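A short reminder: the numbers here are calculations on the coordinates, not readings from a lab. The model shown is predicted, which means the values in this text are computed figures rather than measured ones. Because the Cβ atoms are built from the backbone with ideal geometry, glycine has one as well, and the counts that use them run over all protein chains shown.
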Ligand code: IPM
Ligand code: MG
C-alpha cells in the first residue's frame, strides 16, 4: 500500500462536475480496496471561479495546484462567458495552469477501442488498432508569444498581432519527451512544423534533428509539414506512432486525430512539466473534450475520458501501471459489453446516462479485481 498522494480536483464548468463525480467513485473504490489512497482537495476554475471570485484562476488555486502531486482537471467555458474580454475568459484557467506550473509537454493519445472501431467516421479498416501519441508543446509558440494584441492604425483601421516564437531550449525539452515516449512505444517520431514558410519551424526541425543525432539515434525520426500531416492523418493514420509538434499545430492535429477514434468523449490527456531535483514532476490530466454546455446538467455526458484521464494520472504521476491498466481494462470491458453513452451509441447497444456508466465501470472493476 502506497503513502497518501495529494490530488487537486478541478471540475470546472459544464459537464465537468458531472463526469468528475464518476471519477470520485473510482477513487473511492481504489481507496476501499486499499489499492491507492489520495488526499483530495477540490477548487473552482474557469467560469465557476469567475462567478465567485471574478477571475478564472485565483492565486490560491494556482498555489494549491503547485502543492499537489497531480491535478485532475475537468473542462472550462460556457456561452455565458463568450462576450468576456481576453483577460476574463474561462479558458485562461487552463492556459494559466499550463504556464504557472510550467506544463510544457501535452500528451494526447488517440486510441481506437476495438468495440468502437465502427463509430469512427473513417472506415473501420483504416482506424482499427490505431494508437497515436501526440506530444504537443504547451507553454510556448503563438499562444504565449510577444508581441500580441490589437492595435489601431493611423487610418483608424485595426491590426491583430500574435507571434510564433520558439527557442532551442523549448524545442529540445519537449522533443526529449517525444523521443522518450517513442522508446516505450513503437520507436518512431514524426516531427511536424512548417519549415517551408516559418523560421520558427525551420529552427524546430534543425533542433529536433540535432537532439536525435546526439542522443536518440535509436529512434526513427521523420519530419513532416503540418498541412501534409493533417492529410496523412485521415489518409493513413496508422503510419504514425509519436507526433511531436508545436502548441497551435498540436491543438489542431489533436482534435483531428481524436475524431479518428469515433468520439471526443473517449480521449484523455496529460500535461507534464520538468521534474525537480527531488524527481517531482508537475502534471495535469484532463479529457480533451470541452465543457459541452449544450448537454450539461442532463445526466447524459460520457464520463469515460475523465476516468481515462485519471488512469493516465496513475501511470504518469505515480507509476501505478497496474492500477492504471485496471481502470483502462474496466473501461474497455464496459464498451465490449455494449454499454454506451449517447455520444457513442450504436445499433444493438444499450444507452446509459452518466451515473449508470459510472456504475458499469465500477462493476467491471469489481470483476477484474475479484
Ligand atoms: C485544448 C483547448 C485549449 C487550447 C483552449 C481551451 C484554450 O482547445 O486544450 O486543446 O487551445 O489549448
Ligand atoms: Mg484544442
Would you please classify the overall shape of the range 110-266 from the alpha carbon gyration tensor, given that a ≥ b ≥ c denote the square roots of the eigenvalues, rounded means a/c under 1.5, and beyond that prolate means a/b larger than b/c while oblate covers the rest?
oblate
Counting only helical runs of four or more DSSP H residues, what would the 222 nm mean residue ellipticity of the chain come to if each run contributes -39,500 (n - 2.57) and the total is spread over all its residues?
-13000 deg cm²/dmol
Alpha carbon centroid spacing (whole Å) that separates the range 242-313 from the range 193-218
26 Å
Once you have a ≥ b ≥ c as the square roots of the Cα gyration tensor eigenvalues for the range 217-370, tell me rounded if a/c is under 1.5, and otherwise prolate or oblate according to whether a/b is larger than b/c.
oblate
How far apart, in nm, are the 7 Å Cα→Cβ label points at residue 88 and residue 155?
3.4 nm
Compute the FRET efficiency between residue 239 and residue 209 as 1/(1 + (r/R0)^6), taking r as their Cβ-Cβ distance and R0 = 22 Å, and round to the nearest 0.05.
0.65
Which ordering of 44, 272 is given by a fewest-first count of other beta-carbon atoms within 10 Å?
44, 272
Specify the residue with the greatest mean-square fluctuation among 199, 22, 164, computed from a Gaussian network of the chain linking alpha-carbon atoms under 10 Å apart.
199
For the chain: rounded, prolate or oblate by the Cα gyration tensor [a/c cutoff 1.5]:
rounded
Neighbour counts of other C-beta atoms within 10 Å: give me 231, 312 arranged from fewest to most.
231, 312
Mean-square fluctuation maximum in Gaussian network of the chain, Cα pairs under 10 Å, restricted to 186, 41, 80, hits 80
Run the numbers on the chain and let me know its relative contact order in percent, using alpha-carbon pairs under 8 Å that are six or more apart.
21 percent
Go ahead and run the numbers for FRET between residue 59 and residue 31, Cβ-Cβ distance against an R0 of 30 Å, rounding to 0.05.
0.50
For the modelled label position 7 Å from the Cα of residue 322 along Cα-to-Cβ, which residues of the range 24-62 have backbone nitrogen atoms closer than 13 Å?
34-36
Assertion target for 355, 190, ordered by fewest C-beta neighbours within 10 angstrom first, is 355, 190
Would you kindly state how much longer the chain becomes between residue 359 and residue 276 on full extension, computed as 0.36 nm times their sequence separation minus their alpha carbon distance, in nm to one decimal?
26.0 nm
Can you say what percent of the DSSP beta bridges in the chain, counting only those with both residues inside, are antiparallel? Round to 5.
40 percent
